[in-house]
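The structure under discussion appears below in the form of C-alpha coordinates.
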Amino acid sequence: MKKIILVLFSILCLLAGFAAWKMFGPATSTPHGEFFYIKTGEHYSGVKDSLVNQRYISSAWWFDKTARLFGFSADRVKAGRYKINKGMSLFQLVRMLKNGRQTPVNLVITKLRTKEDFARKTGSLFECDSMQMMAFLDNPDSLDRYGLDTNTVMTAILPDTYTYFWNTTPSRIFKKIYENSQLFWNEERSEKAANHGLTPAQAYILASIVEEETNDKNDKPLIASVYLNRLSRGMLLQADPTIKFALRNFTLKRIYQKYLSVESPYNTYRNKGLPPGPICTPSRQTIEAVLDSSGTDYLYFVAKSDLSGKHVFTSNYNDHLKYAKEYQQLLNKLDSSQQEK
(Lines give C-alpha, C1' and ligand atoms only; values in the text may rest on other atoms or scores of the structure.)
Protein backbone atom coordinates (compact mmCIF):
# COMPACT_ATOMS: atom_id res chain seq x y z
CA MET A 1 0.00 0.00 0.00
CA LYS A 2 2.82 2.38 0.90
CA LYS A 3 4.45 1.58 -2.41
CA ILE A 4 1.29 2.49 -4.33
CA ILE A 5 0.97 5.74 -2.39
CA LEU A 6 4.60 6.53 -3.11
CA VAL A 7 4.11 5.87 -6.83
CA LEU A 8 0.97 8.04 -6.91
CA PHE A 9 2.77 10.79 -5.02
CA SER A 10 5.65 10.61 -7.46
CA ILE A 11 3.26 10.84 -10.39
CA LEU A 12 1.51 13.82 -8.82
CA CYS A 13 4.87 15.50 -8.24
CA LEU A 14 5.81 14.88 -11.86
CA LEU A 15 2.51 16.27 -13.09
CA ALA A 16 2.79 19.28 -10.81
CA GLY A 17 6.34 19.85 -11.97
CA PHE A 18 5.29 19.55 -15.59
CA ALA A 19 2.40 21.99 -15.05
CA ALA A 20 4.71 24.39 -13.24
CA TRP A 21 7.21 24.17 -16.07
CA LYS A 22 4.48 24.86 -18.66
CA MET A 23 3.29 27.89 -16.69
CA PHE A 24 6.58 29.29 -15.39
CA GLY A 25 9.09 28.00 -17.93
CA PRO A 26 9.97 29.62 -21.29
CA ALA A 27 6.84 29.68 -23.45
CA THR A 28 6.93 32.58 -25.90
CA SER A 29 8.53 33.30 -29.25
CA THR A 30 8.46 36.43 -31.41
CA PRO A 31 8.19 35.42 -35.08
CA HIS A 32 6.24 38.61 -35.95
CA GLY A 33 8.18 41.07 -33.83
CA GLU A 34 8.24 41.84 -30.13
CA PHE A 35 5.05 43.88 -29.92
CA PHE A 36 1.62 42.39 -29.51
CA TYR A 37 -1.41 44.66 -29.90
CA ILE A 38 -4.80 44.36 -28.21
CA LYS A 39 -7.43 46.58 -29.81
CA THR A 40 -9.97 48.52 -27.82
CA GLY A 41 -13.02 46.34 -27.13
CA GLU A 42 -11.18 43.08 -27.77
CA HIS A 43 -12.37 40.04 -25.79
CA TYR A 44 -10.31 37.43 -24.00
CA SER A 45 -10.98 34.79 -26.65
CA GLY A 46 -9.74 37.13 -29.36
CA VAL A 47 -6.56 37.84 -27.43
CA LYS A 48 -5.92 34.14 -26.92
CA ASP A 49 -6.56 33.29 -30.56
CA SER A 50 -4.28 36.10 -31.75
CA LEU A 51 -1.46 34.95 -29.50
CA VAL A 52 -1.70 31.45 -30.94
CA ASN A 53 -2.30 32.46 -34.57
CA GLN A 54 0.62 34.89 -34.51
CA ARG A 55 2.71 32.14 -32.86
CA TYR A 56 3.64 34.07 -29.76
CA ILE A 57 2.54 30.97 -27.84
CA SER A 58 2.02 27.39 -28.97
CA SER A 59 -0.71 26.22 -26.62
CA ALA A 60 -4.08 27.86 -26.08
CA TRP A 61 -4.93 25.20 -23.49
CA TRP A 62 -2.03 26.04 -21.19
CA PHE A 63 -2.60 29.76 -21.68
CA ASP A 64 -6.23 29.23 -20.60
CA LYS A 65 -5.20 27.33 -17.50
CA THR A 66 -2.64 29.96 -16.51
CA ALA A 67 -5.07 32.81 -17.19
CA ARG A 68 -7.78 31.25 -15.05
CA LEU A 69 -5.38 30.48 -12.24
CA PHE A 70 -4.15 34.08 -12.08
CA GLY A 71 -7.41 35.89 -12.76
CA PHE A 72 -7.01 37.04 -16.36
CA SER A 73 -10.48 36.90 -17.91
CA ALA A 74 -12.81 38.66 -20.33
CA ASP A 75 -13.52 41.56 -18.00
CA ARG A 76 -9.80 42.20 -17.43
CA VAL A 77 -8.68 42.62 -21.04
CA LYS A 78 -6.90 45.95 -21.46
CA ALA A 79 -6.17 47.39 -24.87
CA GLY A 80 -2.58 48.34 -25.59
CA ARG A 81 0.83 47.64 -27.07
CA TYR A 82 2.66 44.93 -25.17
CA LYS A 83 6.27 43.91 -25.53
CA ILE A 84 6.68 40.15 -25.50
CA ASN A 85 10.23 39.03 -24.88
CA LYS A 86 11.30 35.73 -26.35
CA GLY A 87 11.28 33.07 -23.66
CA MET A 88 8.77 34.74 -21.33
CA SER A 89 6.72 32.35 -19.23
CA LEU A 90 2.95 32.15 -19.53
CA PHE A 91 2.76 33.47 -15.99
CA GLN A 92 4.78 36.57 -16.95
CA LEU A 93 2.69 37.05 -20.09
CA VAL A 94 -0.63 36.68 -18.29
CA ARG A 95 0.43 38.99 -15.47
CA MET A 96 1.54 41.66 -17.96
CA LEU A 97 -1.72 41.51 -19.93
CA LYS A 98 -3.88 41.37 -16.80
CA ASN A 99 -2.19 44.44 -15.27
CA GLY A 100 -2.18 46.35 -18.55
CA ARG A 101 1.57 46.92 -18.42
CA GLN A 102 1.90 48.08 -21.98
CA THR A 103 4.99 49.64 -23.56
CA PRO A 104 4.66 53.38 -24.24
CA VAL A 105 4.94 54.88 -27.73
CA ASN A 106 7.21 57.84 -28.44
CA LEU A 107 5.80 60.36 -30.90
CA VAL A 108 8.83 62.27 -32.19
CA ILE A 109 7.87 65.51 -33.92
CA THR A 110 10.53 67.14 -36.06
CA LYS A 111 9.55 69.21 -39.09
CA LEU A 112 6.11 68.54 -40.49
CA ARG A 113 4.48 70.69 -43.13
CA THR A 114 0.79 69.86 -43.13
CA LYS A 115 -1.99 68.49 -40.96
CA GLU A 116 -1.99 65.48 -43.23
CA ASP A 117 1.67 64.84 -42.40
CA PHE A 118 0.86 64.93 -38.70
CA ALA A 119 -2.16 62.64 -39.16
CA ARG A 120 -0.11 60.12 -41.14
CA LYS A 121 2.58 60.09 -38.48
CA THR A 122 0.18 59.47 -35.63
CA GLY A 123 -1.76 56.95 -37.70
CA SER A 124 1.41 54.91 -38.14
CA LEU A 125 2.08 54.80 -34.40
CA PHE A 126 -1.27 54.58 -32.62
CA GLU A 127 -4.44 52.55 -32.66
CA CYS A 128 -6.33 55.51 -34.12
CA ASP A 129 -5.75 55.88 -37.85
CA SER A 130 -4.88 58.98 -39.86
CA MET A 131 -8.50 59.56 -40.87
CA GLN A 132 -9.59 59.74 -37.22
CA MET A 133 -6.83 62.23 -36.47
CA MET A 134 -7.76 64.33 -39.51
CA ALA A 135 -11.39 64.30 -38.39
CA PHE A 136 -10.26 65.80 -35.09
CA LEU A 137 -7.98 68.39 -36.70
CA ASP A 138 -10.68 69.45 -39.14
CA ASN A 139 -13.43 69.70 -36.55
CA PRO A 140 -13.98 73.32 -35.38
CA ASP A 141 -15.82 72.07 -32.30
CA SER A 142 -12.80 69.98 -31.27
CA LEU A 143 -10.45 72.94 -31.63
CA ASP A 144 -12.59 75.74 -30.25
CA ARG A 145 -11.88 74.74 -26.65
CA TYR A 146 -8.19 75.43 -27.35
CA GLY A 147 -8.80 78.77 -29.03
CA LEU A 148 -7.67 77.32 -32.36
CA ASP A 149 -9.19 76.79 -35.79
CA THR A 150 -8.46 74.43 -38.66
CA ASN A 151 -5.67 76.73 -39.93
CA THR A 152 -4.00 77.64 -36.64
CA VAL A 153 -4.23 74.16 -35.10
CA MET A 154 -0.67 73.34 -36.18
CA THR A 155 0.68 76.30 -34.16
CA ALA A 156 0.18 74.15 -31.06
CA ILE A 157 2.52 71.43 -32.34
CA LEU A 158 6.07 72.04 -31.18
CA PRO A 159 8.86 69.71 -32.29
CA ASP A 160 9.54 67.46 -29.31
CA THR A 161 9.21 63.87 -28.10
CA TYR A 162 5.81 63.00 -26.65
CA THR A 163 5.14 59.72 -24.84
CA TYR A 164 1.75 57.98 -24.88
CA PHE A 165 0.11 54.61 -24.72
CA TRP A 166 -0.72 53.02 -28.08
CA ASN A 167 -4.48 53.20 -27.58
CA THR A 168 -4.52 56.94 -26.80
CA THR A 169 -7.32 58.77 -28.64
CA PRO A 170 -6.73 61.67 -31.08
CA SER A 171 -8.16 64.19 -28.60
CA ARG A 172 -5.80 63.03 -25.82
CA ILE A 173 -2.83 62.97 -28.18
CA PHE A 174 -3.50 66.59 -29.12
CA LYS A 175 -4.27 67.66 -25.55
CA LYS A 176 -0.81 66.67 -24.36
CA ILE A 177 0.85 68.46 -27.27
CA TYR A 178 -1.22 71.58 -26.62
CA GLU A 179 -0.30 71.58 -22.91
CA ASN A 180 3.38 71.36 -23.87
CA SER A 181 2.87 74.35 -26.17
CA GLN A 182 1.30 76.34 -23.35
CA LEU A 183 4.34 75.67 -21.17
CA PHE A 184 6.61 76.91 -23.94
CA TRP A 185 4.64 80.13 -24.36
CA ASN A 186 5.43 81.45 -20.93
CA GLU A 187 5.07 85.11 -19.95
CA GLU A 188 8.54 86.05 -21.16
CA ARG A 189 8.11 84.60 -24.65
CA SER A 190 4.59 85.97 -24.98
CA GLU A 191 5.90 89.43 -24.10
CA LYS A 192 8.65 89.16 -26.69
CA ALA A 193 6.06 88.26 -29.32
CA ALA A 194 3.87 91.20 -28.24
CA ASN A 195 6.85 93.55 -28.56
CA HIS A 196 6.95 92.61 -32.24
CA GLY A 197 3.20 93.15 -32.53
CA LEU A 198 2.55 89.43 -32.71
CA THR A 199 0.49 86.90 -30.81
CA PRO A 200 2.24 83.59 -29.96
CA ALA A 201 0.38 81.94 -32.85
CA GLN A 202 1.53 84.66 -35.27
CA ALA A 203 5.10 84.36 -34.03
CA TYR A 204 4.89 80.62 -34.69
CA ILE A 205 3.56 81.24 -38.22
CA LEU A 206 6.36 83.69 -38.97
CA ALA A 207 8.89 81.21 -37.57
CA SER A 208 7.52 78.55 -39.90
CA ILE A 209 8.36 80.77 -42.88
CA VAL A 210 11.85 81.50 -41.53
CA GLU A 211 12.34 77.76 -40.95
CA GLU A 212 11.67 77.09 -44.63
CA GLU A 213 13.91 79.95 -45.78
CA THR A 214 17.19 78.87 -44.20
CA ASN A 215 19.08 76.46 -41.99
CA ASP A 216 21.65 79.10 -41.07
CA LYS A 217 21.12 80.01 -37.41
CA ASN A 218 22.81 83.40 -37.84
CA ASP A 219 20.57 84.39 -40.74
CA LYS A 220 17.31 83.38 -39.07
CA PRO A 221 16.87 86.49 -36.88
CA LEU A 222 17.83 88.72 -39.83
CA ILE A 223 15.27 87.07 -42.12
CA ALA A 224 12.72 87.45 -39.33
CA SER A 225 13.56 91.17 -39.14
CA VAL A 226 12.93 91.55 -42.89
CA TYR A 227 9.45 90.08 -42.58
CA LEU A 228 8.70 92.05 -39.42
CA ASN A 229 9.69 95.25 -41.23
CA ARG A 230 7.47 94.36 -44.18
CA LEU A 231 4.56 93.63 -41.84
CA SER A 232 4.96 96.94 -40.03
CA ARG A 233 4.99 98.83 -43.35
CA GLY A 234 2.01 97.00 -44.78
CA MET A 235 4.10 95.43 -47.52
CA LEU A 236 3.47 92.03 -49.02
CA LEU A 237 5.68 89.40 -47.41
CA GLN A 238 6.39 87.77 -50.79
CA ALA A 239 7.81 84.68 -49.11
CA ASP A 240 8.66 81.97 -51.63
CA PRO A 241 8.08 79.07 -49.20
CA THR A 242 4.41 80.09 -48.89
CA ILE A 243 4.03 79.47 -52.64
CA LYS A 244 5.30 75.92 -52.24
CA PHE A 245 2.80 75.42 -49.43
CA ALA A 246 -0.03 76.94 -51.45
CA LEU A 247 0.77 74.61 -54.35
CA ARG A 248 1.43 71.68 -51.98
CA ASN A 249 4.57 71.07 -53.98
CA PHE A 250 7.55 70.98 -51.66
CA THR A 251 9.95 69.68 -54.30
CA LEU A 252 10.13 72.99 -56.17
CA LYS A 253 13.68 74.30 -56.41
CA ARG A 254 12.79 77.63 -58.00
CA ILE A 255 9.70 79.79 -57.78
CA TYR A 256 8.86 81.09 -61.24
CA GLN A 257 6.49 83.95 -62.08
CA LYS A 258 3.82 81.49 -63.24
CA TYR A 259 3.48 80.13 -59.70
CA LEU A 260 2.82 83.49 -58.07
CA SER A 261 -0.81 83.75 -59.18
CA VAL A 262 -1.98 80.63 -57.34
CA GLU A 263 -5.29 81.24 -55.57
CA SER A 264 -4.66 80.55 -51.91
CA PRO A 265 -4.79 82.45 -48.62
CA TYR A 266 -1.23 81.18 -48.14
CA ASN A 267 0.04 83.05 -51.22
CA THR A 268 1.91 85.97 -49.65
CA TYR A 269 2.53 87.47 -53.09
CA ARG A 270 -1.19 88.21 -53.35
CA ASN A 271 -2.35 88.54 -49.74
CA LYS A 272 -1.02 91.03 -47.23
CA GLY A 273 0.04 89.95 -43.77
CA LEU A 274 0.86 86.54 -42.44
CA PRO A 275 -0.79 83.42 -43.88
CA PRO A 276 -3.68 82.01 -41.83
CA GLY A 277 -1.59 79.16 -40.48
CA PRO A 278 1.98 77.85 -40.35
CA ILE A 279 3.66 76.25 -43.35
CA CYS A 280 5.68 73.81 -41.21
CA THR A 281 6.44 73.04 -37.59
CA PRO A 282 9.45 75.29 -36.85
CA SER A 283 12.14 74.34 -34.38
CA ARG A 284 12.28 76.03 -30.99
CA GLN A 285 15.54 77.63 -32.12
CA THR A 286 13.77 79.29 -35.03
CA ILE A 287 10.91 80.51 -32.84
CA GLU A 288 13.48 81.98 -30.47
CA ALA A 289 15.24 83.62 -33.44
CA VAL A 290 11.98 85.37 -34.33
CA LEU A 291 11.32 86.43 -30.75
CA ASP A 292 14.89 87.68 -30.25
CA SER A 293 15.11 89.38 -33.64
CA SER A 294 16.51 92.89 -33.11
CA GLY A 295 15.56 95.92 -35.14
CA THR A 296 17.14 96.31 -38.59
CA ASP A 297 16.22 98.40 -41.61
CA TYR A 298 16.40 95.40 -43.94
CA LEU A 299 13.53 94.91 -46.36
CA TYR A 300 15.06 92.41 -48.78
CA PHE A 301 17.26 89.35 -48.77
CA VAL A 302 18.46 86.81 -51.29
CA ALA A 303 20.73 83.78 -51.13
CA LYS A 304 24.38 84.52 -51.77
CA SER A 305 25.73 83.40 -55.12
CA ASP A 306 28.65 81.57 -53.49
CA LEU A 307 26.42 78.61 -52.54
CA SER A 308 27.32 79.09 -48.88
CA GLY A 309 23.68 78.88 -47.84
CA LYS A 310 23.90 82.35 -46.35
CA HIS A 311 22.02 85.45 -47.47
CA VAL A 312 22.76 89.04 -48.34
CA PHE A 313 20.45 91.62 -46.75
CA THR A 314 19.64 95.08 -48.04
CA SER A 315 17.29 97.98 -47.41
CA ASN A 316 17.64 99.32 -50.96
CA TYR A 317 15.57 97.71 -53.69
CA ASN A 318 18.06 98.42 -56.47
CA ASP A 319 20.84 96.77 -54.48
CA HIS A 320 18.55 93.82 -53.90
CA LEU A 321 17.87 93.51 -57.65
CA LYS A 322 21.61 93.42 -58.30
CA TYR A 323 22.20 90.59 -55.81
CA ALA A 324 19.09 88.76 -56.95
CA LYS A 325 20.30 88.90 -60.56
CA GLU A 326 23.64 87.39 -59.53
CA TYR A 327 21.87 84.53 -57.79
CA GLN A 328 19.49 83.95 -60.72
CA GLN A 329 22.44 83.78 -63.11
CA LEU A 330 24.04 81.17 -60.86
CA LEU A 331 20.84 79.09 -60.85
CA ASN A 332 20.57 79.36 -64.64
CA LYS A 333 24.14 78.17 -64.96
CA LEU A 334 23.51 75.24 -62.65
CA ASP A 335 20.32 74.32 -64.53
CA SER A 336 22.22 74.35 -67.85
CA SER A 337 24.95 72.10 -66.50
CA GLN A 338 22.36 69.66 -65.19
CA GLN A 339 20.60 69.54 -68.56
CA GLU A 340 23.90 68.84 -70.32
CA LYS A 341 24.41 65.79 -68.10
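The values are calculated or read from the model by the stated rules, or taken from the named source; none is laboratory data. Small disclaimer: the values here were computed from a predicted structure and weren't measured. For neighbour counting, all protein chains shown are included, and Cβ atoms are generated from backbone atoms with ideal geometry for every residue, glycine included. Accessible surface areas use protein heavy atoms only, side chains included; no ligands, DNA or RNA. Shrake-Rupley method; radii C 1.70, N 1.55, O 1.52, S 1.80 Å.
Assign unit charges at the C-beta atoms only (+1 for Lys and Arg, -1 for Asp and Glu), then state the dipole size of the chain relative to its Cα centre in Debye, rounded to the nearest 20. Display every interim value, and only then the final one.
Numbers: 45 positive and 33 negative charges, 354 e Å.
Dipole magnitude for the chain comes out near 1700 debye.
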Alpha carbon centre of segment 259-286 versus segment 48-79: separation in Å?
53
Put +1 on the Cβ of each Lys and Arg and -1 on the Cβ of each Asp and Glu in segment 227-341; which of Y259, G234, A303 then has its Cα farthest toward the positive end of the dipole?
Y259
The convex hull of the Cα atoms of segment 260-341, divided by residue count, gives a volume in Å³ per residue of 171
Students often check this: by mean Cβ neighbours within 10 Å, which of 302-310, 120-128, 72-80 ranks highest, and how do the rest follow?
120-128, 72-80, 302-310
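With viscosity set to 1.306 mPa s at 10 °C, what whole-number translational diffusion coefficient in µm²/s follows for segment 182-234 from Stokes-Einstein and a Kirkwood radius over Cα pairs?
Numbers: Rh = 11.6 Å.
Translational D for this selection: 137 µm²/s.
Out of the total accessible area of segment 134-229 (probe 1.4 Å, heavy atoms of protein only), what percent is carbon and sulfur? Spell out each step's value before the answer.
On the way: 1890 of 4250 Å².
Accessible surface attributable to carbon and sulfur in segment 134-229 totals 44 percent.
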Given Cα pairs under 8 Å that are at least 6 residues apart, what percent is the relative contact order of segment 33-96?
50
Taking all protein chains in place and a 1.4 Å probe, what share, in percent, of the accessible surface of segment 262-341 do carbon and sulfur account for?
46
Kirkwood Rh over Cα pairs of segment 75-217 into Stokes-Einstein at 4 °C, 1.567 mPa s: D in µm²/s?
75
Suppose the Debye formula is applied to equal point scatterers at every Cα of the chain; what is log10 I(q)/I(0) at q = 0.06, 0.14 Å⁻¹?
-0.38, -1.08
Mind checking segment 141-195 for trypsin sites (Lys or Arg not before Pro) that DSSP puts in a loop (not H, G, I, E or B) and that have at most 11 other Cβ atoms within 10 Å?
R145
Of 248-256, 49-57, 202-210, ordering from highest average Cβ density within 10 Å down gives 202-210, 49-57, 248-256
Sum -39500 (n - 2.57) across every DSSP H segment of at least 4 residues in the chain, then divide by the residue count to get the 222 nm mean residue ellipticity, nearest 500.
-15500 deg cm²/dmol
Taking Cα atoms, the helix 44-53 axis meets the longest principal axis of the chain at an angle in degrees (rounded to 10) of 90
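Report the net charge of residues surrounding T168, where surrounding means a beta-carbon distance below 10 angstrom and charges are Lys +1, Arg +1, Asp -1, Glu -1.
Working: positive: R172, K175, K176; negative: E127.
Charge balance near T168 sits at +2.
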Counted charge near D64, where neighbours are those whose Cβ lies closer than 12 Å (Asp, Glu -1; Lys, Arg +1)
+3
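State the percent of C-alpha pairs, over all pairs in segment 226-303, separated by a distance greater than 19 angstrom.
Numbers: 1261 of 3003 pairs.
Distances greater than 19 Å cover 42 percent of the Cα pairs.
Please state the relative contact order of the chain as a whole percent: Cα pairs under 8 Å, 6+ residues apart?
On the way: 497 pairs, mean separation 46.1, N = 341.
Computed over the chain, the figure is 14 percent.
With the convex hull built on the Cα atoms of segment 135-243, state its orientation-averaged projected area in nm². Let's see the in-between values first.
Working: hull surface 33.6 nm².
That works out to 8.4 nm², a quarter of the Cα hull's surface.
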Residues whose modelled amide H sits under 5 Å from the amide H of H311, counting only those 5 or more places away in sequence or on another chain, are K304
Angle check, please: helix 220-232 long axis (alpha carbons) against the longest principal axis of the chain (alpha carbons), in degrees 0 to 90, nearest 10.
60
Expressed as a whole-number percentage, the relative contact order of segment 100-216 with C-alpha contacts under 8 angstrom and at least six residues apart is 26
Using a 1.4 Å probe, what is the accessible area per residue for the chain, in Å²?
55
Go through 226-232, 276-282, 39-45 and give me the packing order, highest mean Cβ count within 10 Å leading.
276-282, 226-232, 39-45
